[in-house]
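Let me begin by presenting the structure, written as structure tokens, before commenting on it.
The values are calculated or read from the model by the stated rules, or taken from the named source; none is laboratory data. Only a predicted model underlies this, so the values are computations on that prediction, with no experimental measurement involved. A quick note on method: Cβ atoms are made from the backbone with ideal geometry, for glycine too, and the neighbour counts reach across all protein chains shown.
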Amino acid sequence: MNKRYILLLLLTLFSTVASAHQESEQLHTFISTTSLQAVIGASILIALIIAIASLKKNPSKSLKVILFTSICIISISTTFYVAVATIYLNTTSESGGPVHWHTDFEIWKCDERLDLKDPKGLSNRIGTPVFHEHGDQRIHIEGVVSHLDSINLHNFFHVVGGELTSTSLTLPTNDGITTAVNGESCESENAENREPANSASNELQIFLYRITNPSATHKTGFFYTQTKLDNPETYIPAPYSYVPAGDCVIIEYGPKKDKTDKICESYRIARNQGHIQELSSEIEVNNGS
């Protein structure tokens, strides 16, 4: 095989990889696409070289050297590229490398609980490899997070095929798309017929349960607070695998209020078992004394 032809194939492979690198918007997307592309491209080239070798009944010694050297160059170059890209991503990412964080959530519309559509396929997830849900009402963050703002609540709903803003919700469910927009009514059944309830104060509200004394190793002895979020793009999940200490997010559409009585199942069980308790003003004063 002509050495120039081999060199041309290698340059084509790596120019494609470099092009994808330049066009990627986020480093974690760059790693997941271009590294995979490099491995696939290298595998194709090696298979092509082996196929060419098999067609030669009595290949010359020089051809054998060329083919063997080509395979070594492709393998080593691809391995080097993937290794360097991975190290670069880990060292420059805002997460400091791969993470495994979880946040539980519940969605309520007019006191009716809504569920995100069930995942399908071998991946068993909805979303991206880094940012997804497995049909368990839990946000999974698994991998390298290049920019923390890419894992905000607004972007989570974007990657699962919906949308969440401070005033509206679009949610893909098993029964189709469900929406909630500020000012819409919640229907209520009266004795005679169905009439729209007062919609003046109905709005989308986001409540956050967060542990104030979190630990990555402990599962008990926690205190939590509940706050109301104004903007889903400002929320970044707490960096913990267990829930709690990971967060609980309640997305609720209904009459305006300062506090919700809804709570994630993981938090409810932990509270009932005495593993967590709400941080009251008295406890806060005592802890600060």
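Residues checked against (1) assigned to a loop (DSSP other than H, G, I, E, B); (2) of a type outside the set (A, V, I, L, M, F, W, C); (3) in contact with a Phe, Trp or Tyr (Cβ under 8 Å, 6 or more places away or on another chain):
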residue: K117; (1), (2), (3): yes, yes, no
residue: L122; (1), (2), (3): yes, no, no
residue: D136; (1), (2), (3): yes, yes, no
residue: I141; (1), (2), (3): no, no, yes
residue: F156; (1), (2), (3): no, no, yes
residue: T179; (1), (2), (3): no, yes, no
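Can you spot a residue in segment 141-156 that is at pLDDT 95 or above and within 23 Å of P255 (Cα to Cα)? The answer is yes; a qualifying residue exists.
Taking helices (runs of 4 or more DSSP H) as the structural unit, those lying wholly within segment 1-102 and holding at least 1 residues that are modelled with pLDDT of 70 or more and hydroxyl-bearing (S, T, Y) correspond to 36-55, 61-92.
Number of residues in segment 228-252 that are touching a Phe, Trp or Tyr at 6+ places or on another chain (Cβ under 7 Å) and either outside any loop (DSSP other than H, G, I, E, B) or crowded, with 16+ Cβ neighbours inside 10 Å (or both) equals 14.
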